[in-house]
Ligand code: ADP
């Protein structure tokens, strides 16, 4: 027997169609690449998406083709995502900050047929075009007036010209639910990048969860600044969940510095936003330097790496902004957990609210989490025991793109993170498994040390790594980058850390460098630091 309900196959473009029909006047506002603020409504975005779909078909795009984009968060990039998936092809986001080797690997592995690119990134493509033989044409996401003159050796087309005169309706396909919609590679901090192939189904489930009260909870009364880039981790699903709920979408384009973010928050009366800690530290720095406030901003989501406790306190106390701490990974579309501590104030003692807020939170329906030991046995949810964090759910990867073998262990994905889960279900990441420091048989959390260090007002970024030690196997070494023109002594940092850590957990030494290396996704890149300082305590 089957249920007797309508069973229309789904297509992600139905989200934008809904926004156009039912939130037709809600806006997409972009601080554009070409300069100036651009506005369009969901109704206009939907019509232009239909025009782009016609253009893609004319260019020979077929179902299942991988169509790459390399772009900032803009209205055109959003139209691309919907049009590509809408015609049954796969939108493959390229991170412009990848190394050339990674770029070549990813485009060739995906066999991208077409690339839609922002003018800012045309030089990257020109420099690499010979190594990207699968590309048949490049579409520059701009108008005729801003078209670059570069010769790429393959056709270079203008986005706006392609749309001109095309019909503003399109006969969207009914697609099977598991039809792939989009492809995103992990940044390959270990080994080659690996492709995560999302489906229409997984993205729609994820968007529902991300939109709900335990998620971003944005609706048409909100002005949401989506800073998380579309070229990393599926834009945290916001490109789908904001139109789904008719929220006003505010997009940064390439302008992600503190001053630009402040300006657009103020001008567009932004009340909610989402970004990684490095972006927020630039905004906070700008606010502090210029004695500014952001009175309309109510809530910021922080994720991608641990939100430092000092950042949460600053947002709460100085700027009256709630912090939603979120955790996830590309392999999870990416949302795994969100922290709405406020829903549990009846259960949490007042003096522990901040401790809870620093945790990574609870999963929404659709994701399940557990912690296990090395043999896969589930560990207690007592808030103390830590273990390998495992995940499963409707938007969690089963296997990587073009891989024969499953990525799962008994049906669960090993996230590579070490975490605890407390009796209220709040999950807390203590470290990435490969970053944990093992000193004399005891574990030291590099995340905790870094978090405590950046609480010092002079420290901008901190990286704690384990380096070889003749007696203790490994000892923590702290590497810091201070704010420009600021100084701090080792003694001061040690005395700050001593407030939180036992003596054996303190770094063996502190190194000051001008620039801590970051990955393509803006996270501290510990690989080169480990390579450079591995023998720091055991010189030959
Ligand atoms: P990449 O490996 O390219 O950085 P992801 O963005 O998918 O790709 O990274 C996912 C990882 O980022 C998680 O497994 C976790 O280690 C880390 N992470 C994400 N959010 C948080 C958070 N709120 N706190 C601590 N770590 C986080």
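The values are calculated or read from the model by the stated rules, or taken from the named source; none is laboratory data. This is a predicted model, so every value here is computed, not measured. Cβ sites come from the backbone with ideal geometry, for glycine too, and all protein chains shown count toward neighbours.
Going by the conditions given, is residue 181 within 21 Å of residue 403 (Cβ to Cβ) and more than 16 Å from the ligand (Cβ to nearest atom)?
Here the answer is yes, as residue 181 does meet what is asked.
Kindly indicate which of 452, 458 is in contact with a helix residue (DSSP H, G or I) (Cβ under 6 Å, 6 or more places away or on another chain) and touching a residue at least 24 places away in the same chain (Cβ under 8 Å).
452
I'm trying to understand the selection: among the residues of segment 1-31, which are closer than 15 Å to residue 170 by Cβ and part of a loop (DSSP other than H, G, I, E, B)?
11, 12
Condition check ((1) more than 25 Å from residue 140 (Cα to Cα); (2) surrounded by fewer than 21 Cβ atoms within 10 Å (Cβ to Cβ); (3) under 15 Å from the mean Cα position of the chain (by Cα)) across all residues:
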{"site": "167", "(1), (2), (3)": "no, yes, no"}
{"site": "238", "(1), (2), (3)": "no, no, yes"}
{"site": "252", "(1), (2), (3)": "no, no, yes"}
{"site": "258", "(1), (2), (3)": "yes, yes, no"}
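Quick check on residue 384: is it more than 21 Å from residue 311 (Cβ to Cβ), in contact (Cβ under 8 Å) with a residue 12 or more places away in the chain and away from the ligand (no atom under 16 Å from the Cβ)?
So residue 384 passes the test.
Just one of the numbered conditions (1) over 25 Å from residue 379 (Cβ atoms); (2) touching a strand residue (DSSP E or B) at 6+ places or on another chain (Cβ under 9 Å) is not true of residue 491; which one?
(2)
Just to confirm my filter: which strands (runs of 3 or more DSSP E) fall fully inside segment 343-439 and include at least 2 residues that are in contact with a helix residue (DSSP H, G or I) (Cβ under 7 Å, 6 or more places away or on another chain), surrounded by 17 or more Cβ atoms within 10 Å (Cβ to Cβ) and modelled with pLDDT under 95?
427-432, 437-439
If I ask for residues that are over 24 Å from residue 335 (Cβ atoms) and touching a residue at least 60 places away in the same chain (Cβ under 8 Å), which ones from segment 424-445 would you list?
Hits for segment 424-445 are 439, 440, 442, 444.
From 88, 60, grab the single residue that is over 25 Å from the mean Cα position of the chain (by Cα), surrounded by fewer than 24 Cβ atoms within 10 Å (Cβ to Cβ) and more than 17 Å from residue 249 (Cβ to Cβ).
60
Just name the residue that is nearest to the chain's Cα centre (by Cα) out of those in segment 298-311 that are under 22 Å from residue 222 (Cα atoms) and surrounded by fewer than 23 Cβ atoms within 10 Å (Cβ to Cβ).
299
Six or more apart or on different chains, Cβ under 6 Å: which pairs go from a residue in segment 327-341 that's over 12 Å from residue 364 (Cα atoms) to one that's in a loop (DSSP other than H, G, I, E, B) and modelled with pLDDT under 95? Could you list them?
Going by the 6 Å Cβ cut-off, the qualifying pairs are 330/186.
Checking the condition at pLDDT 95 or above and within 15 Å of the ligand (Cβ to nearest atom), which residue from 210, 218 passes?
None of the other options fit; the residue is 210.
Yes or no: segment 440-448 includes at least one residue that is within 16 Å of the ligand (Cβ to nearest atom) and under 28 Å from residue 207 (Cα atoms).
no
Criterion first (buried (at least 17 other Cβ atoms within 10 Å of the Cβ) and either in a loop (DSSP other than H, G, I, E, B) or in contact with a helix residue (DSSP H, G or I) (Cβ under 7 Å, 6 or more places away or on another chain) (or both)) does residue 197 satisfy it? Walk me through it before giving the result.
Numbers: buried (at least 17 other Cβ atoms within 10 Å of the Cβ): yes; either in a loop (DSSP other than H, G, I, E, B) or in contact with a helix residue (DSSP H, G or I) (Cβ under 7 Å, 6 or more places away or on another chain) (or both): no.
No.
State whether the residues of segment 48-67 include one that is assigned by TED's automatic domain parsing to the domain that holds residue 184 and on the phi > 0 side of the Ramachandran plot.
Looking for residues that are assigned by TED's automatic domain parsing to the domain that holds residue 184 and on the phi > 0 side of the Ramachandran plot, one finds at least one in segment 48-67, hence yes.
Which of the residues that make up segment 32-44 are in a helix (DSSP H, G or I) and either in contact (Cβ under 8 Å) with a residue 60 or more places away in the chain or buried (at least 23 other Cβ atoms within 10 Å of the Cβ) (or both)?
Passing the criteria: only 42.
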